[in-house]
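Values in this text are rule-based calculations from the coordinates and carry no lab data. On a predicted model such as this, the values are computed, not experimentally measured, just so you know. Glycine gets a Cβ as well: all are built from the backbone with ideal geometry, and neighbour counts include every protein chain shown.
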Amino acid sequence: MPVTRLNHAVLYVRDIDVTRAFYEEVLGFTTLTYLPGQGAFFRAPGSTNDHDLGAFQVGPAAGASEAGRATVGLYHLAWEVDTLDELERLQQVLQEHGALVGASDHVTTKSLYAQDPDGIEFEVCWILPADALTPELVEQARAGARPRPLDLAAEQARHGGATRGGVGISHLAPAGPADS
């Protein structure tokens, strides 16, 4: 099964109107289909997908997800942005809406972590472009270097705020027999 990328995700939410407002107003998604009291389908800015996110209302009595604490389940979704300037803009927007919960430097990926109104976590990331990868950075990423606090201003100074990020990091897969 040669997967090339994640096409869309589907969430269960308490209130579709609250979810719709968040994904439209905070992340700039467009609502493609809206079924009042039931669900909606959204497309991210710049996406060519039929839809990137579906959400179905389960009602206000729905409990919080226990995934990772008491049950198995999805931890988070990650969306890539093109530039560090866009990552900085989203950091400000997420802070203004009280949604930002963390930021990490994963060597080749610069990430923000946030939660939607139902507490569903997502990541927004910028991936280091291939021409910025050095053998040392590749080795750190392969070795599973621990995340560091993200210094977005330093990354913008180092790489340029308008520099387009790379696409995926599959070339950083752990070394195997073919790499020996």
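Which residues' amide hydrogens lie under 5 Å from the amide hydrogen of residue 102, considering only partners 5 or more residues apart or on another chain, with H built in the peptide plane?
HN-HN under 5 Å from residue 102: 113.
Among DSSP beta bridges lying fully in the chain, give the percent that are antiparallel, nearest 5. Walk me through the intermediate numbers first.
Details: 23 of 33 bridges.
Approximately 70 percent, going by the DSSP bridge assignments.
I want to verify a result. In a Gaussian network model of the chain, Cα cutoff 10 Å, which of these has the top mean-square fluctuation: 149, 135, 117?
Fluctuation is largest for 135.
Between beta-carbons, use under 13 Å as the cut-off and find the net charge around residue 145, counting Lys and Arg +1, Asp and Glu -1.
Here the count lands on 0.
Run lengths n ≥ 4 of DSSP H only: what is the helix-derived mean residue ellipticity at 222 nm for the chain, with -39500 (n - 2.57) per run over all residues, to the nearest 500?
For the chain, the value works out to -6500 deg cm²/dmol.
Which of 116, 151, 131 ends up with the largest GNM mean-square fluctuation for the chain, with Cα atoms connected below 10 Å?
Maximum fluctuation in the GNM of the chain, among the listed residues, is at 131.
Through the Karplus equation 6.51 cos²θ - 1.76 cosθ + 1.60, θ set to phi - 60°, convert the phi angles of segment 145-153 into ³J(HN,Hα) values in whole Hz; use x for Gly and Pro.
Working through the residues one at a time gives 3, 5, x, 10, x, 7, 10, 4, 4 Hz.
So for 3, 101, fewest C-beta neighbours within 10 Å to most, what's the order?
Values: 3 6, 101 13.
Ascending Cβ contact count within 10 Å gives the list 3, 101.
Using 0.36 nm per residue, how much length does the chain from residue 7 to residue 66 gain when fully extended, once their Cα-Cα distance is taken away?
Difference between extended and current length: 18.7 nm.
For residue 21, what charge total do you get from the other residues with a beta carbon under 11 Å from its beta carbon, if Lys and Arg give +1 and Asp and Glu give -1? Each step should come with its number before you reach the end.
Numbers: positive: 20; negative: 15, 17, 24, 25, 116.
In short, -4.
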